[in-house]
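I have placed the structure first, in the form of structure tokens, so that the comments after it can refer back to it.
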Amino acid sequence: MSKRDFYEVLGVGKSASDDEIKKAYRKLAMQYHPDRNPGDKSAEEKFKEVNAAYEVLSDKQKRARYDQFGHAGVGGDGGNPFAGGNPFQGGAFNFGGQSFSFNFGGSEGSAGVFDDILGDLFGYGGARRRRASRGADYETAVSISFKDAIFGTTCEVPDRNSEKKLKVKIPAGIDDGMAVRLAGKGGEAPEGGTPGDLYVRVRVKPDKHLTREGNIILSEVKIGFADAALGCEVDVPTVDGNVTMKVPAGTQSGTPFRLSGHGVPFRTDGDRGPHIVTVIVETPKNLTKRQRELLEEFRGSSPKKKRSFWG
């Protein structure tokens, strides 16, 4: 199901000012707020949609990327299994028989907490009795590089009850703070019960040049104003190595460019999101005499614009 245009969601035009966007958001947020519409699923979905639209259009950089690339420019989930939230701050995914999961709160008995929530919601009986018949859940942590989080990797962690190491498959696209659940590798099982689980918390080391937003990767590249005016080619660091990007003549500072297929992998088909590069035009601070003469000559030959008091 395709997403609606964010401007349409808020009921404003693409040229709307920040204040107009804020006013439209406040009006709709109050209209569809769950407290005003208890039990109304349609209003709840519209409230989420309004918040998603405002989160993008109220941010200048995200709005600029959205205007140029649409939903693909603002980290839309696009099938990414790790994008978006969860009302329990948890959830599990299964990749090749290994379960990947968020933490449900606490290093011990975390699966039991989730059982209790489900029991309260759906009337499951015996949730606490089931928890009592299994071993404790434990948690450990591993640190991986930004690139390994994009492409996936395999790590080793200590195995409780032995001196061996457990191999943990980290799936492509995992994000910082998420966890991999190893079923049955936690505390010993009580008599007649089952062993607990081991949660492997993943910490992703920051990259010097790259950041992540959903399924897109973001970076900046700096060029001189002459290159911006005349056009040039620049080498852009990506997770796939340097990629040559063409910057057309007349590029303004802050302009985003999209490198397709160099972002975070999608879950469904193996394709990847984009890498968006923002060009920053640098103004030189120290000019030689000849450079100053050339710029003065250029300024003198440029059409002069009359400026009012207001700019």
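The values are calculated or read from the model by the stated rules, or taken from the named source; none is laboratory data. Keep in mind it's a predicted model, so treat the numbers as computed, not measured. Glycine also receives a Cβ, built like all others from the backbone with ideal geometry; neighbour counts cover every protein chain displayed. What goes into the accessible areas is simple: the full protein's heavy atoms, side chains included, and nothing from ligands, DNA or RNA. Shrake-Rupley method; radii C 1.70, N 1.55, O 1.52, S 1.80 Å.
Data table
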{"read-out": "Selection within segment 229-242 - part of a strand (DSSP E or B) and either open to solvent by 30 Å² or more (accessible area, probe 1.4 Å) or closer than 18 Å to ASP148 by Cα (or both)", "value": "GLU233, ASP235, PRO237, THR238, GLY241, ASN242"}
{"read-out": "Hits in segment 181-200 - residues which are of a type in the set (D, E, K, R) and over 13 Å from ARG160 (Cα atoms)", "value": "ARG181, GLU191"}
{"read-out": "Residue in segment 201-213 that is surrounded by the fewest Cβ atoms within 10 Å (Cβ to Cβ), counting only those that are out of contact with any helix residue (DSSP H, G or I) (no Cβ under 8 Å at 6 or more places or on another chain) and within 22 Å of LYS165 (Cβ to Cβ)", "value": "ARG203"}
{"read-out": "Matching residues in segment 279-296 - criterion: being of a type in the set (Asp, Glu) and farther than 18 Å from VAL221 by Cα", "value": "GLU293, GLU296"}
{"read-out": "Residues satisfying the stated conditions in segment 161-178, i.e. of a type outside the set (A, V, I, L, M) and either surrounded by fewer than 17 Cβ atoms within 10 Å (Cβ to Cβ) or in contact with a His (Cβ under 8 Å, 6 or more places away or on another chain) (or both)", "value": "ASN161, SER162, GLU163, LYS164, LYS165, LYS167, LYS169, ASP175, ASP176, GLY177"}
{"read-out": "Meets criteria (of a type outside the set (D, E, K, R), surrounded by 13 or more Cβ atoms within 10 Å (Cβ to Cβ), at pLDDT 50 or above and assigned to a loop (DSSP other than H, G, I, E, B)) for GLY79", "value": "no"}
{"read-out": "Considering residues of segment 263-293 that are β-branched (Val, Ile, Thr) and buried (at least 18 other Cβ atoms within 10 Å of the Cβ) only, the residue farthest from the chain's Cα centre (by Cα)", "value": "VAL281"}
{"read-out": "Residue list for segment 20-50, filter: open to solvent by less than 50 Å² (accessible area, probe 1.4 Å) and part of a helix (DSSP H, G or I)", "value": "ILE21, ALA24, TYR25, LEU28, ALA29, TYR32, ALA43, PHE47, VAL50"}
{"read-out": "Every pair of residues 6+ apart whose Cβ atoms lie under 8 Å, when the first sits in segment 165-180 and is within 20 Å of TYR138 (Cβ to Cβ) and of a type in the set (D, E, K, R) while the second is modelled with pLDDT under 90 and open to solvent by 40 Å² or more (accessible area, probe 1.4 Å)", "value": "LYS165/PRO158; LYS169/PHE95; LYS169/GLY96"}
{"read-out": "Single residue of segment 128-171 satisfying the filter (modelled with pLDDT under 95 and among the aromatic types (Phe, Trp, Tyr)) that is farthest from the chain's Cα centre (by Cα)", "value": "TYR138"}
{"read-out": "Qualifying residue in segment 219-228 (condition: small (Gly, Ala, Ser), in contact (Cβ under 8 Å) with a residue 12 or more places away in the chain and crowded, with 17+ Cβ neighbours inside 10 Å)", "value": "yes"}
